[in-house]
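Novice: Handing you a structure now.
The values are calculated or read from the model by the stated rules, or taken from the named source; none is laboratory data. None of the values given here were measured: they were computed from a predicted structure. Cβ placement follows ideal geometry from the backbone for every residue including glycine, while neighbour counts extend to all protein chains displayed.
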């Protein structure tokens, strides 16, 4: 199956030559990615990768990038954090429809990761909720990629905590 996802990286100071990066990434197996180097110190790769499952696709892409650019630090795997407009586009409904669903189903709609004038959710949580409701066209590959992106991003962020703090907080957060 074909999986589409984006890997975003922060580059080391000595690794900012775009032509050299593109060449190394191609040699390492990232020839199925659109490569963006527009922001200084950043690298974004939008992959369209064939694999047996989304986890294999994302893991192999992560490994390929690691081989090509070992000093790069992963910022995020996308799609993961999204607003209602993003979800509406993915599902093929209006933003107003998504907002109405969220408000009418406030008790069961997934809680946002950040709530404010621009709230954001984990795409996997919202797609799972929509899938359970039925009646929405959710591409299986998109759902699978969203789940893997959430897992990778959560694992990456979890490494920032000392194990003792993680265990203490795990008991308090539900």
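Novice: Looking only at residues that are without any contact (Cβ under 8 Å) to a residue 12 or more places away in the chain and closer than 19 Å to residue 11 by Cα in the stretch 32-60, which one is surrounded by the fewest Cβ atoms within 10 Å (Cβ to Cβ)?
Specialist: Top of the filtered list is 38.
Novice: Residue check: is residue 162 outside the structural domain of residue 52 (by TED's automatic domain parsing) and either surrounded by 13 or more Cβ atoms within 10 Å (Cβ to Cβ) or in contact (Cβ under 8 Å) with a residue 40 or more places away in the chain (or both)?
Specialist: Spelling it out, it is not the case that residue 162 is outside the structural domain of residue 52 (by TED's automatic domain parsing) and either surrounded by 13 or more Cβ atoms within 10 Å (Cβ to Cβ) or in contact (Cβ under 8 Å) with a residue 40 or more places away in the chain (or both).
Novice: Across the stretch 126-159, what is the total count of residues that are at positive phi and touching a residue at least 12 places away in the same chain (Cβ under 8 Å)?
Specialist: Summing the residues that are at positive phi and touching a residue at least 12 places away in the same chain (Cβ under 8 Å) in the stretch 126-159 gives 0.
Novice: Show me the helices (runs of 4 or more DSSP H) entirely contained within the stretch 1-120 in which 2 or more residues are more than 18 Å from residue 150 (Cα to Cα) and more than 21 Å from the chain's Cα centre (by Cα).
Specialist: Qualifying helices (runs of 4 or more DSSP H): 18-27, 95-104.
Novice: Let me spell it out: the conditions are (1) at pLDDT 95 or above; (2) under 30 Å from residue 28 (Cα atoms), and residue 156 meets all of them except one. Which number is the exception?
Specialist: Residue 156 satisfies every listed condition except (1).
Novice: Hey, does the stretch 1-19 have a residue that's without any contact (Cβ under 8 Å) to a residue 40 or more places away in the chain, closer than 26 Å to residue 143 by Cβ and touching a helix residue (DSSP H, G or I) at 6+ places or on another chain (Cβ under 8 Å)?
Specialist: Applying the first criterion (without any contact (Cβ under 8 Å) to a residue 40 or more places away in the chain) to the stretch 1-19 yields 13, 16-19.
Subset that is closer than 26 Å to residue 143 by Cβ: none.
Within the stretch 1-19 (the criterion being without any contact (Cβ under 8 Å) to a residue 40 or more places away in the chain, closer than 26 Å to residue 143 by Cβ and touching a helix residue (DSSP H, G or I) at 6+ places or on another chain (Cβ under 8 Å)), the answer is no, since none of the residues qualifies.
Novice: Are any of the residues in the stretch 93-104 in the same structural domain as residue 134 (by TED's automatic domain parsing), surrounded by 15 or more Cβ atoms within 10 Å (Cβ to Cβ) and touching a residue at least 40 places away in the same chain (Cβ under 8 Å)? Outline the logic, then answer.
Specialist: Residues of the stretch 93-104 in the same structural domain as residue 134 (by TED's automatic domain parsing): 93-104.
From what's left, surrounded by 15 or more Cβ atoms within 10 Å (Cβ to Cβ): 93, 98, 101-102.
From the residues that got through so far, the ones that are touching a residue at least 40 places away in the same chain (Cβ under 8 Å) too are 93.
Yes, the stretch 93-104 contains a residue that is in the same structural domain as residue 134 (by TED's automatic domain parsing), surrounded by 15 or more Cβ atoms within 10 Å (Cβ to Cβ) and touching a residue at least 40 places away in the same chain (Cβ under 8 Å).
Novice: Tally up the residues in the stretch 2-20 that are farther than 13 Å from residue 78 by Cβ, at pLDDT 90 or above and surrounded by 13 or more Cβ atoms within 10 Å (Cβ to Cβ), please.
Specialist: Going through the stretch 2-20 one residue at a time, the tally reaches 3.
Novice: Does residue 146 satisfy being modelled with pLDDT of 95 or more and within 30 Å of residue 12 (Cα to Cα)? Before you say what the answer is, go through the steps one by one.
Specialist: Details: modelled with pLDDT of 95 or more: yes; within 30 Å of residue 12 (Cα to Cα): yes.
So residue 146 fits the description; yes.
Novice: Is there a residue being touching a helix residue (DSSP H, G or I) at 6+ places or on another chain (Cβ under 6 Å) and part of a loop (DSSP other than H, G, I, E, B) anywhere in the stretch 132-150? Can you show your working first?
Specialist: First, the residues of the stretch 132-150 that are touching a helix residue (DSSP H, G or I) at 6+ places or on another chain (Cβ under 6 Å): 136, 138, 143-148, 150.
Cutting the leftovers down to part of a loop (DSSP other than H, G, I, E, B) gives us 136, 138.
Scanning the stretch 132-150, I find at least one residue that is touching a helix residue (DSSP H, G or I) at 6+ places or on another chain (Cβ under 6 Å) and part of a loop (DSSP other than H, G, I, E, B), so the answer is yes.
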